Amino acid sequence: MKTNGNKIFLIFTLFYLYFIMALFESSRGNFIPFFLEEFHINNTEMSLILSLNTVGCVIGSFLGGQFCEKFGHKFVYIIGSVISTIAVLIAPFTSNVFILGLFNLIFGIGRSSISVAVDSMVPVISIGFESILMNITHFMYGFGSFTGQSAYGKLLSIDIPWRTIYLYLGIFFIVSVILTLFIKTPNIHVIISDTTIKKEELYKEPIVYMFVLAVTFALISETVINTWFISYVRSTYSLNPASAAKYASIFFLMFALGRLLGGFIVNKIGSVKGLKIFLFLGAACLFTGLQFKQNGLMLIALSGFFISISFPTIMVIVNSIFKQNSSFAIGLIVTLSNILYVVIFNITGALNDLLGSYKAFYAAPLSVAGCLAMLILITNKINKKNTI
């Protein structure tokens, strides 16, 4: 970067991109009851439709990793923003399940390509405090989710149609396209050394697939709460939309605070050790909260603080291991994780119909525990290789 001003503008743009992506995606928890009623579908069918977002993520994360190395990060930011904006502008005109699935698919392509570019660039512009800036960047996602949950609950309670809310969101995304046109990204040079793992060798590296499982569990734990928490609260305890949104808002507030403060904590005690502690506490909150039922809803909401750093911290660890091919490695891991995630997420939707919202919600703490288990296996494998 030539000037600090360029770097500050770049960081601001990355923050903004994550914030608006969360604004859009956090709407799903509030809008799902309306989708179910208006389009006459059940939870299983809803999961299938929403999983098209993840199919888009598979496409976007794979292409994003490839395009970052071929055409540069700025190109990916621009293309990702344009694609995401197109999806958001389609959303207000949803008249059937086909269009509902279509805009979710398109948005997945755009947002995941942006995510790969951000997650592979942040460590480059924050050498020495990678965990801090990575988690603050992802904090903007948590902050956007909290802002969205609070706003949507209030807007829906005064009978503002969900289509109108989507229309307003389109303005934020048009601004994102303009911002990405003016950013200046640093040149990332790949230095080949004897210890560099070649791209083709990544497909045969066992640690890659351990990371795939870890990321999958991290995604599932976040998405189960993001998607089904309000539905679980309303259907199990018969709370009204505003009361249910209150608990979801607290979860996303804690989620945002976790990413804001968690980066400093893991940077102090180490990314791996810090993440293990956070995952353990997150699983404990979720399991205990479910046991206490309605009295435990606040514990489930508080779990957001601990599970918040899972994905960004895993990305920092991936960057530290696959330094020379970080964009490709992240793209590969996220792509494979999203494929596996689609399958598991659809199972959670079916479980809501078969077992009920309460029992199906156990998928959240089990996923956090699964992520912790994979992290332990990864660190044991890495310690044996003496690569970290």
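When the Cα atoms of segment 259-388 are enclosed in a convex hull and the volume is divided per residue, what value in Å³ results?
Details: hull volume 14.6 nm³, N = 130.
Considering the Cα atoms of segment 259-388, their hull volume per residue is 112 Å³.
Modelled label-to-label distance, LYS154 and GLU205, 7 Å Cα→beta-carbon offset: nm?
If labels sit at LYS154 and GLU205, their model points lie 4.6 nm apart.
Using the heavy atoms of the protein chains alone and a 1.4 angstrom probe, what is the accessible area of the chain per residue in square angstrom? All intermediate terms of the calculation are to be shown ahead of the outcome.
Details: 15770 Å² over 388 residues.
I get 41 Å² per residue for this part.
A 28 angstrom limit on the alpha carbon distance is what I want to check against. Which of LYS246/LYS359; LYS204/LYS268; LYS7/LYS70; LYS70/LYS268; LYS70/LYS384; LYS276/LYS359 exceed it?
Values: LYS246/LYS359 22 Å; LYS204/LYS268 33 Å; LYS7/LYS70 22 Å; LYS70/LYS268 35 Å; LYS70/LYS384 34 Å; LYS276/LYS359 26 Å.
In this structure, LYS204/LYS268; LYS70/LYS268; LYS70/LYS384 exceed 28 Å between Cα atoms.
Quote the FRET efficiency, to the nearest 0.05, computed for LEU281 versus TYR362 with a Förster distance R0 of 22 Å and r equal to the Cβ-Cβ distance. All intermediate terms of the calculation are to be shown ahead of the outcome.
Details: r = 18 Å, r/R0 = 0.80.
The computed FRET efficiency comes out at 0.80.
Could you order TYR77, TYR237 by accessible surface area, starting with the largest, using a probe radius of 1.4 Å?
Details: TYR77 0, TYR237 40 Å².
If we order TYR77, TYR237 from most to least accessible, we get TYR237, TYR77.
Return the FRET efficiency for the residue pair THR164, LYS384: r is the Cβ-Cβ distance, R0 is 56 Å, and the value is rounded to the nearest 0.05. If you can, show how the numbers build up before the last one.
Details: r = 56 Å, r/R0 = 1.00.
Rounded to the nearest 0.05, the efficiency is 0.50.
Starting at the first residue of segment 224-241, write each ³J(HN,Hα) from the Karplus equation 6.51 cos²θ - 1.76 cosθ + 1.60 with θ = phi - 60°, in whole Hz, x for Gly and Pro.
Using θ = phi - 60°, the values come out as 4, 6, 4, 8, 10, 4, 4, 4, 4, 5, 5, 6, 8, 10, 6, 7, 6, x Hz.
Filter the trypsin sites (Lys or Arg not before Pro) in segment 1-95 to those in DSSP coil with at most 10 other Cβ atoms within 10 Å of their Cβ, and list the result.
LYS2
Measure of size requested: the Rg and Dmax of segment 60-139, with Cα atoms as the atom set and Å as the unit; please supply both.
In Å, with Rg to one decimal and Dmax whole: 14.7, 49.
For a quick size check, give me the Cα extents of the chain along its three principal axes, largest first, whole Å.
Projected onto the principal axes, the Cα atoms of the chain cover 60, 43, 34 Å.
Taking a spot 7 Å from the Cα of SER243 along the direction of its beta carbon, which residues of segment 268-296 have an amide N less than 20 Å from it?
289-296
To the nearest 20 debye, what is the magnitude of the charge dipole of the chain about its Cα centre, counting +1 on the Cβ of each Lys and Arg and -1 on the Cβ of each Asp and Glu? All intermediate terms of the calculation are to be shown ahead of the outcome.
Details: 24 positive and 14 negative charges, 172 e Å.
Computed about the Cα centre, the dipole is about 820 debye.
With the dipole of the chain worked out from charges on the C-beta (+1 for Lys and Arg, -1 for Asp and Glu) around the Cα centre, which of GLY349, GLY72, THR223 lies farthest toward the positive end?
The one lying farthest along the dipole's positive direction is GLY72.
Would you mind computing, in nm to one decimal, how far apart the modelled labels at PHE93 and PHE34 are, each placed 7 Å from Cα along Cα→Cβ?
With each label placed 7 Å out from Cα toward Cβ, I get 1.9 nm.
The values are calculated or read from the model by the stated rules, or taken from the named source; none is laboratory data. Bear in mind the structure is a predicted one, so any value in this text is a computation, not a measurement. Every residue, glycine as well, gets a Cβ built from its backbone with ideal geometry; the counts of neighbours run over all protein chains shown. Ligands, DNA and RNA are stripped out before the accessible areas are found, and what is left, the full protein with its side chains, is counted by its heavy atoms. Shrake-Rupley method; radii C 1.70, N 1.55, O 1.52, S 1.80 Å.
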